[in-house]
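The numbers here are math on the coordinates, done by the rules we state, and not lab data. The model shown is predicted, which means the values in this text are computed figures rather than measured ones. Cβ sites come from the backbone with ideal geometry, for glycine too, and all protein chains shown count toward neighbours.
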Amino acid sequence: MKVFLTRRIFPDALDALKEAGIVPTVWTERRGLSRQELIEHCSRQDALLGIGAQQLDSDFFKACPHLRAVVLHSVGFDHVDIAAATAFGIPVGNTPDVLSKATADTAFLLMLAVSRKAFFHHRRVTGGQWNFFEPMAYLGRELDGNTLGIFGMGKIGKALARRCKAAFGMRIIYHNRHRDLDAEEELGATWVSFEELLQQSEVLSLHAALSSETTGRFDADAFGKMKPDAIFINTARGAMHDEAALRAALEAGQIWGAGLDVTNPEPMNPENPLLHLENVAVLPHIGSATLETRKRMAAICVENLIAAARNERLPYLVNP
Ligand code: DGY
């Protein structure tokens, strides 16, 4: 089986593919490949190891008649039209679970960074503006005993809730379509309506999948209902928040601050005014970027590809 990889992966994962008789072709250029380039490569391949958010839709599958499997190096699959893949008989695999803790850590990091304006202060230090100690300057706010609101209580949301409860004794509320009894039992979490989530959260963190229901859900109306000391965290997908509305809410003091690991588009334009606000911290989509997690993700991709090469069911299959 021939597989096209849209980025390099760990050498041991690549070796494992070769040992299984899979022939990899790796995109090694230091730029993203265009859709046309992706199609040109994939039209000659049996499988794709997709690293990144290239849109895979029905036109793509039509243009790649030999594709037998799409294996994603991510838990999210919002960039893939799963119904179209299924219609073309193409199994799609992802990397669930293994990145929950690392992504929760990133959300936790952003919460703290925003509450203490850490990125802004770092810029002051590197900009030579650390002048003297001032008792009433550089003030942040504490998270102890705050209410954490989780939008999308799944594995990542639970991992964050555990951290926040243990570290700051936070009260946990969440909004899902359905109640999560495990979260309620383990974390004492309370299901609330979307309105209540907005109104009660002192930290509101997004952990839902991107869908038509969640796209643009955090708009001017939503930010307008949040508390003035609320911290908004998005480590899920940038398309869930309206960036102009977020900026307006931050500038008007409607909310305390925002920590983003995901933006829309990605990468964020370095001229983006959000980057200059003292109450904003932005990271370049590094939620799962730890050595341990990325190795586990690569290993799952290898498992999925080997199964595809053997015409077996992918162990981490997304298609219904
Ligand atoms: C994921 O795994 O979905 C990460 O956000 C990378 O896209």
Length-normalised contact order of the chain, Cα under 8 Å, at least 6 apart, in percent, tallies to 19 percent
The distance between the Cα centres of the stretch 147-198 and the stretch 54-117, in whole Å, is 24 Å
Scalar couplings 3J(HN,Hα) for the stretch 218-226 by Karplus 6.51 cos²θ - 1.76 cosθ + 1.60 (θ = phi - 60°), nearest whole Hz, x for Gly and Pro, are 9, 10, 4, 4, 5, 4, x, 8, 7
If every Lys and Arg gets +1 and every Asp and Glu gets -1 at its Cβ, then about the Cα centre the chain yields a dipole, in debye to the nearest 20, of 660 debye
For the pair Asp144 and Glu195, the simple spin-label estimate (label points 7 Å beyond Cα toward Cβ) gives in nm 3.4 nm
Shape descriptor, the stretch 100-282: equivalent ellipsoid semi-axes (Cα gyration tensor, sqrt 5λ, whole Å, largest first) stand at 26, 19, 15
Once the in-chain neighbours fewer than 8 apart are removed, the aspartates and glutamates whose Cα is under 19 Å from Lys18 read Asp46, Glu303, Glu312
With label points set 7 Å from each Cα along the Cα-to-Cβ direction at Glu184 and Thr215, the distance between them in nm comes to 3.2 nm
Quick calc of log₁₀ I(q)/I(0), the chain, Debye, one scatterer on every Cα, no solvent, q values 0.08, 0.10 1/Å, result -0.41, -0.63
Rounded to two decimals, the Debye log10 I(q)/I(0) of the stretch 23-114 (Cα scatterers, no solvent) at q = 0.18, 0.25 Å⁻¹ is -0.83, -1.31
Result row for the chain, helices from DSSP H with C-alpha axial extent 20 Å or more and mean Kyte hydropathy at least 0.0, is 100-115, 291-309
Cys residues of the chain with no disulfide-compatible partner (no other Cys Cβ under 4.7 Å) are Cys164, Cys301
Straight-line reach check, Lys101, cutoff 22 Å on alpha carbons, 8 or more apart in-chain or any other chain, hits among lysines -> Lys155, Lys158, Lys165, Lys295
Over the Cα atoms of the stretch 191-247 the radius of gyration and the largest Cα-Cα distance (Dmax), both in Å, equal 10.5, 29
CD proxy, 222 nm, the chain: helix-only mean residue ellipticity via -39,500 (n - 2.57) per DSSP H run with n ≥ 4, per residue, nearest 500, stands at -10500 deg cm²/dmol
Zone reached by a paramagnetic label modelled 7 Å from Lys227 Cα along Cα→Cβ, restricted to the stretch 246-284 with backbone N below 11 Å, covers 256
Ignoring chymotrypsin sites (Phe, Trp or Tyr not before Pro) buried by more than 16 other Cβ within 10 Å or outside DSSP loops, the longest site-free run in the chain is 139-320
For the stretch 55-185, shape from the Cα gyration tensor axes a ≥ b ≥ c, cut at a/c of 1.5 then a/b versus b/c, turns out oblate
Once normalised by the length of the stretch 46-159, the mean sequence separation of its alpha carbon contacts under 8 Å that are 6 or more apart gives a contact order in percent of 21 percent
Classified through the alpha carbon gyration tensor (a ≥ b ≥ c as square roots of its eigenvalues; rounded if a/c is under 1.5, else prolate when a/b is larger than b/c, else oblate), the stretch 109-162 comes out prolate
Within the chain, excluding any GluC sites (Glu not before Pro) found in a DSSP loop (not H, G, I, E or B) and having at most 11 other Cβ atoms within 10 Å, the longest uninterrupted segment runs 30-141
Listed by chain and number, the aspartates and glutamates with an alpha carbon less than 18 angstrom from that of Lys117, same-chain partners under 8 positions apart left out, are Asp105, Glu134, Glu142, Asp144, Glu202, Asp229, Glu251, Asp261, Glu278
Cα-based Debye curve of the stretch 191-294 sampled at q = 0.21, 0.23, 0.24 Å⁻¹ gives log₁₀ I(q)/I(0) of -1.13, -1.33, -1.43
Counting only DSSP beta bridges with both partners in the chain, the antiparallel fraction in percent, to the nearest 5, comes to 5 percent
So Leu291 and Ala63, fully extended at 0.36 nm per residue minus their Cα-Cα distance, gain in nm 78.6 nm
If the chain between Glu312 and Gln129 were fully extended at 0.36 nm per residue, the gain over the current Cα-Cα distance would be 59.9 nm
